[in-house]
Amino acid sequence: MRLLLSLVVPGLLLGAWQLNSVVGVFSPIQLPPPSAVLAAATELVERGELWLHVAISTQRVLIGFTLGAALGLAFGALLGLSRLADALLMTTIGALRAVPSLAWVPLLILWMKIGEDSKVTLIVIGAFFPVFTTLFLALRHVDRQLVEAGRAFGLRGVRLLTTVLLPAVVPAIFSGLRLGLAQAWLFLVAAELIASSLGLGFLLVDSSSNGRTDRIFLAIILLAVLGKTTDALLGVTERWAVRRWT
Amino acid sequence: MTALLTPGGTHAPHHNQALGLRFSRLGRSFGSPEGKRIVLQDVSLDVRAGEILAILGTSGCGKSTLLRTAAGLDAPDSGQVLIDGDPVRGIDERCAVAFQEPRLLPWHTLRANVAIGLPRSASASTGKAKVLELLELVGLDPFAALRPREVSGGMAQRASLARALARDPGVLLLDEPFGALDALTRIRMQDLLLDIHRVRPTTVLLVTHDVDEALLLADRILVLGRGSADTQEGSSILELIAVPGVRPHDRNSADLGALRSTLLSMLGVTGR
């Protein structure tokens with residue numbers, strides 16, 4: 001039922017889009033009909049290019065997100081648990097976070113050239129901060145009363161961490177991961193728009209300069225589908241984890 | 001002595017007897033924006049092994065602070081707490097605490113929560129048996145596999161009590177453990193506490209703001225408070241009263257009626 005309801009609006013949008021090709025409010029250059037987008041997709045699939053664009057983009061996101069999230073979890077845990085690490089590192093990390101992430105692009109290209117490394121690194125940066133910030137804040141706001149009760153029963157150090165602190169922040173970790181994943185897709189497109197020869201971001205720039213609006217729509221729809229799918233996968237794990245740990 | 005020699009074979013060998021506790025010239029103050037605020041001042045008291053001592057006082061008088069120093073959750077600025085003659089330094093294995101809130105871990109079952117209280121020395125099998133025995137004692141054995149949010153406040157509080165008992169504490173510290181419960185549940189919990197104390201006599205320090213509860217449960221009542229209206233001064237012992245008769249005390253007796261008025265007027269309530 002919920003699934004059906006959630007499909008109502010996309011269905012209506014698709015209908016309005018199809019209707020436009022009949023009524024002609026927007027020209028086919030501005031808004032090609034759904035059939036043209038489908039044809040563009042078929043053509044790219046037949047030439048074997050579409051799969052490459054999707055695969056390389058997904059690969060970049062997965063690698064970048066995994067590394068960024070892992071670093072975010074490590075630093076979030078370190079600064080959330082240790083006042084010393086917080087005092088030592090928070091100003092620096094806060095300053096780095098304040099830099100608009102696209103400002104790193106020229107430097108990354110200078111250091112790593114235009115290749116996979118610079119793109120993946122940008123995605124790592126994008127995924128890092130939401131994960132780091134969410135975990136850090138969650139660890140700082142673990143119910144003090146629970147922590148005290150744990151201490152009163154002799155839990156400390158690693159045992160206090162694994163028995164009380166980590167389980168308490170599991171739901172927050174997942175919301176951080178989902179935010180980080182959304183950022184990863186955002187930064188993927190940014191990286192590919194700037195410099196690439198393959199990937200959905202490249203497909204966008206390339207189609208734009210060739211006036212292929214149908215392909216632009218195709219790329220946007222694919223990004224929406226991929227982003228939503230990966231987020232839904234994470235959402236399923238999140239629901240399981242929240243049930244388990246709260 | 002091994003665990004096998006004790007009846008039932010489920011008790012940790014060194015904790016299962018009531019221990020005496022002594023507060024010795026205890027002082028504690030907290031820093032606040034307006035300067036130092038003295039909470040406890042020169043509190044000295046001997047608590048006998050196996051007795052139930054109620055600690056009464058108005059809110060903010062330092063009842064909980066006194067209890068927390070005994071648990072090692074708080075360190076006094078001066079003086080010390082001695083359990084069985086040894087000073088308390090940090091969290092003390094000989095004590096167990098039950099708080100006003102159950103403070104159970106929401107992601108664990110009641111059974112696993114009770115097991116948190118087990119002393120580290122307990123082996124897996126004796127620990128498991130003891131948790132089962134305690135759940136039975138507090139009447140939670142049918143609910144052992146439920147999570148805290150799936151049970152009522154009274155049941156959660158019973159689990160919290162069982163968790164404290166799992167330590168086989170020489171001193172059981174109860175910080176207004178029934179304060180947040182409804183009147184009926186509170187009466188049941190008070191009876192339960194006396195039952196438990198009969199089965200496993202241990203020294204109990206019970207912080208409460210309920211005069212009737214103190215009269216019903218305690219062997220002695222300590223009234224904590226400031227000697228004058230001067231807020232610069234910290235709380236100390238205003239009165240230490242032995243409650244006559246045998247537990248559970250009949251609160252309708254004339255002796256207790258008079259005592260009740262005395263206690264209430266000490267806490268600033270008159271004419272009742």
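The values are calculated or read from the model by the stated rules, or taken from the named source; none is laboratory data. Quick caveat: nothing in here was measured; it's all calculated off a predicted structure. Heads up, the Cβs are rebuilt from the backbone with ideal geometry, glycines too, and the neighbour counts pull from every protein chain shown. Remember, those area values only see protein heavy atoms, side chains included, never the ligands or the DNA or RNA. Shrake-Rupley method; radii C 1.70, N 1.55, O 1.52, S 1.80 Å.
Figures for the structure shown
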| quantity | calculated |
| --- | --- |
| With DNA, RNA and ligands ignored, accessible area of residue B:211 (1.4 Å probe; Å², nearest 10) | 10 |
| Convex hull volume per residue in cubic angstrom - Cα atoms of segment A:48-245 | 125 |
| Cα gyration tensor of segment A:103-199 - equivalent ellipsoid semi-axes, whole Å, descending | 40, 12, 9 |
| Volume per residue of the C-alpha convex hull in segment A:1-47, rounded to whole Å³ | 84 |
| Within segment B:166-262, GluC sites (Glu not before Pro) in DSSP loop having at most 11 other beta-carbon neighbours inside 10 Å | none |
| Within segment B:29-105, trypsin sites (Lys or Arg not before Pro) in DSSP loop having at most 15 other beta-carbon neighbours inside 10 Å | B:48, B:89 |
| Span-like helix ranges in chain A, DSSP H, alpha carbon extent 15 angstrom or more, Kyte mean at least 1.6 | A:166-194 |
| Rg/Rh (Cα only; Kirkwood hydrodynamic radius) as it applies to the protein assembly as shown | 1.16 |
| Ellipsoid semi-axes in whole angstrom, largest first, where each is sqrt(5λ) of the Cα gyration tensor of segment B:82-123 | 25, 14, 7 |
| Rg to Rh, two decimals, where segment B:26-124 supplies the alpha carbon set and Rh follows Kirkwood | 1.02 |
| Residue A:4 accessible area, assembled protein chains, probe 1.4 Å, Å² | 120 |
| Share, in percent, of DSSP beta bridges within the protein assembly as shown that are antiparallel, nearest 5 | 55 |
| Exposed trypsin sites (Lys or Arg not before Pro) absent - longest run of chain A, DSSP non-H/G/I/E/B, at most 15 other C-beta within 10 Å | A:157-246 |
| Residue order for A:202, B:23 - accessible surface, 1.4 angstrom probe, largest first | A:202, B:23 |
| Debye equation applied to the C-alpha atoms of segment A:1-145, log10 I(q)/I(0) at 0.11, 0.13, 0.14 Å⁻¹ | -0.74, -0.87, -0.91 |
| Per-selection metrics, segment B:99-168 (Cα): Rg and Dmax in Å | 10.8, 32 |
| Along each principal axis, Cα extent of chain B, largest first, Å | 55, 41, 37 |
| All aspartates and glutamates inside 15 Å of residue A:119 as judged from Cα atoms, apart from same-chain residues fewer than 8 positions distant | A:192 |
| Among A:28, A:171, A:100: highest mean-square fluctuation, GNM of chain A, C-alpha pairs under 10 Å | A:100 |
| Nearest 10 degrees, 0 to 90: helix B:124-137 Cα axis against chain B principal axis | 60 |
| Sparse-neighbour loop sites [chymotrypsin sites (Phe, Trp or Tyr not before Pro); segment A:1-64; at most 15 other C-beta within 10 Å; DSSP] | A:26 |
| Taking only Cα atoms of segment A:48-87, radius of gyration then Dmax in Å | 16.6, 54 |
| Reachable lysines from residue B:63, criterion Cα separation under 22 angstrom, eight or more residues apart if same chain | B:36 |
